[in-house]
Amino acid sequence: MAKIGRELLNQLTSEQVKGPFVTIMLNTHVAHQEVEKDQLKFKNFIKESKKRFEKRYPSEDWSVIQKNAEVLLASQDFWRQSTKSVAVILTPKETFVHRLSIEVDDQYYVGDTPYILAIIKNGQFNYPYYLLTLNRDSVALYKMENKKLSKIDLPEDAPVTMEIALGNELTGGGANFRSSSNAGGNASHGTSAKDEEIEVDRNNYYHAVSTFLRTFLEGMDPAPLFLYGLPDNQAVFKKVAKGLNIQSDIAVNTSPIQLSLAELEKNVSPIQEGLERKEVAAYQKLIEAKNYEQFSDIKQSAELGRLDKLFITTANLIPGFGEDPDTEYDWRQELNLTSIKTISNGGDVYILEQADAPGGKSLLGILRY
């Protein structure tokens, strides 16, 4: 799970954040007309939340929540964010805004606890990592976070090109091959001394890049490093690189030359898919541990702090507002509360597609003991 999602969940399920809570889940857009529709929907959700809040909590002060909601409503920066959706959680004292990379059901909740299932789902298969695009004579560093790729600005003296890294020590260049004719007129081709110089330059360059990254990444959030480049360049880099958390079993084995950020982001799907496969495979083994499938047993175990992992499939999260708005998604709220209990007692919660769940179970609780 992405670090920011984990930190938010731990915070929201702790005793330090006091309710009552108003949670608004909203899909967001960037086109002007769509943004206006989003703003109107947000405004209506606040209006409806006020009615329910004042009915359920007549002694609580709504005015702070209203004021903070209006600040968000008027904020251009808030509506310019290009994520798929957003979770807004308001209390009489605090406001939490969490950007999501998944689509949600536009909805609102008012209750003693925040609604966190969408935040959990967003964190599932959401891997932060660094991406190094690797050419023979240049590199660039990117960060994947919340399923969005962004380029990292490096210092001016960073070895982003071979020329910057080696300067006067650069020995290679020019043609890579020589050709000659023998007495019979047949051409022969071979590797020249120039080729060897070029290989020395590449080795020295990649060593300089590795040395720089080792120091630079020490000051960044810890995350694995993946390579994007031709297999030959990757092999040489991994050979000379020292002290880097390179994930060698998954990579993008094509040239990144002249690709836009959007193209790079699209092409890193093998990394995402590979990480997902490894995680899902690990889940399948958990079916062998002691577990419960019945919700009553799962709920009790969560309250007693005996639940190590809780798996909920998306089949349990039926979209729509239901026939009775006052019930506020009774079943979802039951799952939400059990998820909060699980996390607050040190367990983990996962929301998966049916095919990815351990044993294909729609609901499964794995016990600690």
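Somewhere in the range 5-14, is a residue over 30 Å from Gly347 (Cα atoms) and surrounded by fewer than 16 Cβ atoms within 10 Å (Cβ to Cβ)?
Taking every residue of the range 5-14 in turn, none turns out to be over 30 Å from Gly347 (Cα atoms) and surrounded by fewer than 16 Cβ atoms within 10 Å (Cβ to Cβ).
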query = How many residues, within the range 346-361, are farther than 19 Å from Glu276 by Cα and either open to solvent by 10 Å² or more (accessible area, probe 1.4 Å) or free of Cβ contacts under 8 Å to residues at least 40 places away in the same chain (or both)?
reply = 1
message = Criterion first (surrounded by 13 or more Cβ atoms within 10 Å (Cβ to Cβ), modelled with pLDDT of 95 or more and not in a loop (DSSP other than H, G, I, E, B)) does Leu335 satisfy it?
response = no
query = With respect to Val22, is the statement that it is buried (at least 19 other Cβ atoms within 10 Å of the Cβ) and closer than 24 Å to Leu317 by Cα true?
reply = yes
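Report yes if Arg52 is surrounded by fewer than 15 Cβ atoms within 10 Å (Cβ to Cβ) and basic (Lys, Arg), otherwise no. Step through it out loud before you land on a result.
Values: surrounded by fewer than 15 Cβ atoms within 10 Å (Cβ to Cβ): no; basic (Lys, Arg): yes.
In short, no.
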request  = Can you confirm whether the range 26-38 contains a residue that is under 18 Å from Ala87 (Cβ atoms) and touching a residue at least 60 places away in the same chain (Cβ under 8 Å)?
outcome  = yes
inquiry  = Take the residues in the range 234-255 that are open to solvent by 20 Å² or more (accessible area, probe 1.4 Å) and touching a residue at least 60 places away in the same chain (Cβ under 8 Å); name whichever of them is farthest from Thr161 (Cα to Cα).
reply    = Gln247
task = Go through (1) more than 29 Å from Ser82 (Cα to Cα); (2) modelled with pLDDT of 95 or more; (3) buried (at least 17 other Cβ atoms within 10 Å of the Cβ) one by one and return the number of the condition Pro231 breaks.
result = (3)
request  = Output the residue which, of all residues in the range 172-223 that are β-branched (Val, Ile, Thr) and open to solvent by 70 Å² or more (accessible area, probe 1.4 Å), is modelled with the lowest pLDDT.
outcome  = Thr191
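Any residue that is in contact with a helix residue (DSSP H, G or I) (Cβ under 9 Å, 6 or more places away or on another chain), farther than 20 Å from Arg136 by Cα, open to solvent by 70 Å² or more (accessible area, probe 1.4 Å) and part of a helix (DSSP H, G or I) - is there at least one of those in the range 268-285?
Yes, the range 268-285 contains at least one residue that is in contact with a helix residue (DSSP H, G or I) (Cβ under 9 Å, 6 or more places away or on another chain), farther than 20 Å from Arg136 by Cα, open to solvent by 70 Å² or more (accessible area, probe 1.4 Å) and part of a helix (DSSP H, G or I).
The values are calculated or read from the model by the stated rules, or taken from the named source; none is laboratory data. Being a predicted model, the structure only gives us computed values, none of them experimental. Every residue, glycine among them, receives a Cβ derived from its backbone with ideal geometry; neighbour counts consider all protein chains shown. Heavy atoms of the whole protein, side chains included, go into the accessibility calculation; ligands, DNA and RNA do not. Shrake-Rupley method; radii C 1.70, N 1.55, O 1.52, S 1.80 Å.
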